Each structure stands twice: as structure tokens, then as C-alpha cells.
Amino acid sequence: MTQDDFDRLQGLLASRAGFRLGRDRIHLAEHRLAPVARREGFDSVDAMLQTLWVKPVASLGWAVIEAMLNPETWFRRDRAVFDTFAGELLPAISRVRPGGRVQVWSAGCSTGQEAYSLAMGALSAGVTADIVATDLSQRAIDKARSGLFSAFEIQRGLSARTMLDWFEPAEDAWSAVPRLKDAVRFARHNLLDAPTDGARFDVILCRNVLADVDPAQRGQIVDHLERRLMDDGVLILGAEERIEGDTMAFRAVGGRKGLYVKAPSALSRAA
Amino acid sequence: MGGEAARRFLPLGDVSLVEVRTCLIVDDSRIIRKVARRIVEGLGFEVDEAADGVEALTHCGGLMPDVILLDWNMPVMDGMGFLKRLREQPGGDRPKVLFCTIETAPERIAEALGAGADDYVMKPFDGEILQSKLSEVGAV
């Protein structure tokens, strides 16, 4: 991959996905794109990129973009968040919602471990939650929807007891039981796209996504999340993530890492 | 020894003492012990090894570890035999015991948990899995 190819790749990821590909990632790019080139029938990464630059076919472009996103996730990552979600947020919100239904969005769900962790918490707590999970990567969504996890994936973050309660062996993998699979609805979504409908959520999790976002586009994504969040809803970021520099619309919840609620100034338009 | 688990202390300067967490790795494979040792040492544990259940029981009689990684199939005394005897010993309820075996059948996993294991790890495992398992049982 030439430096010129890499510069163009950086531009593609920033403009289409808001994803900041660090300057030191050229070797990672070659490594991640090699399987894409093979799958798409090209002799090499270079040949694939030349074709893409000359004739930017959407499907090939997205295949390239997807391969460069950060798929890192595991069950109950930063465990405290899931205990707060199931033990405090769900019961409190459920009490003040019609029929006790709580609307939850896992934004940037990768291969689904976060969404299934939320669903296990809701089902165990006996709270009715509609859980929507989205990611930019169609491949990640397909895997998430399958509910299949390798022995490595299933053991990362889940105790054996929890694993036995919610998953069953399926050849070399573990498959979410139907009750768990049915509790999450997966869909592809680009966080750069402005909301086009009135769907609103009580809890939005967008964890370890903004850290990889181009600083110029963080504000836009946070604004979209804010428009999707109920006025008394909660936004949950990664434990170490902060958005004070990107928005005036949220304020951090004291003592709870990663939790944000709407600032009073952001509530005015609802009045 | 009484019911109290023995503890090792690492002198730090001459005023304070830092408690060192201990882990006993029980496996008849020297290679598995070596791999597991590297991982748990990386998590800050002081490690001892035993090659079967009898060796492990002898060790626990002298020094009850904080965590035990336990293979199932071993010569002399297997993991299940060890676990039952361990839990009957004074202070034997203290260590967090994680079975680490190649058995992946749900009924076998349930059997191990029913016998008093705190968690269960299917081989092969890596550092990320072990760290998350130890964190779920509150050992790290």
C-alpha cells in the first residue's frame, strides 16, 4: 500500500464513517484488507484499492470501511455498567413508562456481546425492555444476529453459570437460547446519519465508539444521540470516555463513570 | 494453621506491607502449568504448582492459596476428588476455585459448579478470558 493509497483510505473512513484512522496504522490496514481483497476476487490489496479509487462501487467501499473499524468487544465489558443498568436504571425507568416498557439502544454494538449482556440483565430483572442494537458493519450485525459465539468469545466476560443459563452448545460454538436472541433487534445504522423518524430511547449505550471518531465529527454524532434520547433518559459512554469538549447538551452523572444525562439547557426544546 | 488462610507478605520499605495474592495451578501437564503461570503472574499473583490432587492438597495444608486453577483429569487424584476434600478442610472454603479443563459438555460444567467450583474455564483459554473470569469471582 502506497502512502497515497493510505491517505485516500483515511479520507474515505473519515468522510463516510467519521472514523479516524491513525497515521501509524498503514500495516494494520494492509493486514485487515488482505482478506477483503481475497473475498472480493482481487489479486492484492493494491489492486482492490486502485479499482475502488477509479470506480467507487458502494458495496466494495463499505467492505473496505467495515474491515477497518474497531470490532473489540466482550460480554459485560466494564461490569459495573451492567449492574447499574439492570439493578438501578431499568427498575427506575420502568416505573414511569406506560406498561413498564423501557426502550434501549446499543449504538455501535459490534458483534452483539453488549446487547446480549443488556438483554440478560433485563430478562433476569423481569423488566420488559425493547433492545435495539446497531452497528455500521453489516458483517458485525450478521454475526451478532446469529447469536453464535466461539468458546473464546463466550468465556470472555461471562461466568460459566451465566453461560449455561443463556447459551447452548452448537458444534464448536455456543448459541444464544431463543428467549435471549428474541430479546434484541439488530440493524445496520450509520451514526453520522441524522434521525429521520421519531424513535426515542430511555437508555442509549455508545461505548468505546467516540474514542475512534474524527474530532470534527464527534459533535455531530453526539447531537444525533441527544435527539434520540428521552429528556429523562441516560446516555452511557465507555468508562473512560468524556464528551464535555464536544457538547453542552449533556452533563456527567457524579460518581458513575461514563453516565450522562441531558443538561437543563438541552431540555428547552421539549417544553 | 487453624481456619485462617496463610498469607504471604512482601516487605515494602520498612513501614508498610503489601499483601500478595497467591495462586495454585493444579495440572498434570507441565506445559499447561507454564502457560497458566505466565498469565496469572502477569495479573500480579504469586504462583505455586501441583501435578495432581494429592500434591495440591498437601500444598493447601501448609498454605491456603487465594485462587486455585484446577484441571479435571489427573493421575493419583483428579480435580473433582481434590475439590471435595479441599472444601472439607479448615479454611478450604476460602480459595476461589476455577476448573480449567477440556470438558465442554454443559452437564459436566454444571457438575463442577455443583461440586463447589466458583467458575469454569474451557481449554484452550487465554489471558483475557482468565482475567475476566477472575474478575467475575472477585479475585482481581
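The values are calculated or read from the model by the stated rules, or taken from the named source; none is laboratory data. A quick note: this is a predicted structure, and the numbers were derived from the prediction, not measured. Note that each Cβ is placed from the backbone with ideal geometry, even for glycine, and that neighbours are counted across all protein chains shown. Heavy atoms of the whole protein, side chains included, go into the accessibility calculation; ligands, DNA and RNA do not. Shrake-Rupley method; radii C 1.70, N 1.55, O 1.52, S 1.80 Å.
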Everything considered on the Cα gyration tensor (a ≥ b ≥ c; rounded for a/c under 1.5, else prolate if a/b is larger than b/c, else oblate), chain A must be described as oblate
As a percent rounded to 5, the proportion of antiparallel DSSP bridges among beta bridges in the range A:146-271 is 70 percent
What percent do you get for the relative contact order of chain A when only Cα pairs under 8 Å and 6+ apart count? 15 percent
List the aspartates and glutamates whose Cα lies under 15 Å from the Cα of A:K55, skipping any in the same chain that are fewer than 8 positions away. A:D5, A:E40, A:D46
Can you list the aspartates and glutamates whose alpha carbon sits under 20 Å from that of A:K181, skipping same-chain ones fewer than 8 residues off? A:E114, A:D130, A:D135, A:D142, A:E153, A:D165, A:E168, A:E171, A:D172
Run the 1.4 Å probe and let me know the accessible area of A:H27, rounded to the nearest 10 Å². 130 Å²
From the residues A:F19, A:A263, A:Q3, which one has its Cα farthest along the dipole of the protein assembly as shown in the positive direction, the dipole being from +1 and -1 charges on Cβ of Lys/Arg and Asp/Glu about the Cα centre? A:A263
With a 10 Å cut-off between alpha carbons and a GNM built on chain A, which of A:K55, A:K181, A:K143 moves the most? A:K55
Which of B:K34/B:K133; A:K143/B:K133; A:K257/B:K84; A:K143/A:K262 have a Cα-Cα distance over 30 Å? A:K257/B:K84; A:K143/A:K262
Compute, for A:K262, the solvent-accessible surface of its heavy atoms (probe 1.4 Å) with the complete set of protein chains present, and express it in square angstrom to the nearest 10. 10 Å²
Percent of beta bridges antiparallel (DSSP, the protein assembly as shown, rounded to nearest 5): 35 percent
Estimated inter-spin distance, A:A194 and B:L63, nm [label 7 Å along Cα→Cβ]: 6.6 nm
Relative to the longest principal axis of chain B, what angle (0 to 90°, nearest 10) does the C-alpha long axis of helix B:30-42 take? 40 degrees
Please report the relative contact order for the range B:8-136, taking Cα pairs under 8 Å with a sequence separation of at least 6, and give it as a percent rounded to a whole number. 20 percent
Cα centre as origin, Lys/Arg/Asp/Glu Cβ charges: the range B:8-136 dipole, Debye: 100 debye
Listed residues A:P169, A:P195, A:P56, most fluctuating in chain A (Gaussian network, C-alpha, under 10 Å): A:P56
Total accessible area lost when A and B pair, probe 1.4 Å, Å² to nearest 100: 1500 Å²
Considering the options A:G198, A:G238, A:V253, tell which one lies farthest towards the positive end of the dipole of the range A:193-271, charges being +1 on Lys and Arg and -1 on Asp and Glu at the Cβ, about the Cα centre. A:V253
Residues in the range A:155-170, backbone N under 18 Å from the label point at B:L43 (7 Å along the Cα-to-beta-carbon vector): list them, ranges by number please. A:155-163
What net charge is computed for the residues neighbouring A:L9, neighbours being all others with C-beta under 14 Å from the C-beta of A:L9, Lys and Arg scored +1, Asp and Glu -1? -2
Longest principal axis of chain B (C-alpha) makes with the long axis of helix B:53-62 (C-alpha) an angle, in degrees to the nearest 10, of 20 degrees
Explain nothing, just the number: dipole magnitude of the protein assembly as shown about its Cα centre with +1 on each Lys and Arg Cβ and -1 on each Asp and Glu Cβ, in debye rounded to the nearest 20. 1040 debye
Förster radius 30 Å - calculated FRET efficiency between A:R139 and B:E128 (Cβ-Cβ, nearest 0.05): 0.85
Net lengthening on full extension, A:L28/A:A80 (0.36 nm per residue, minus Cα-Cα): 15.5 nm
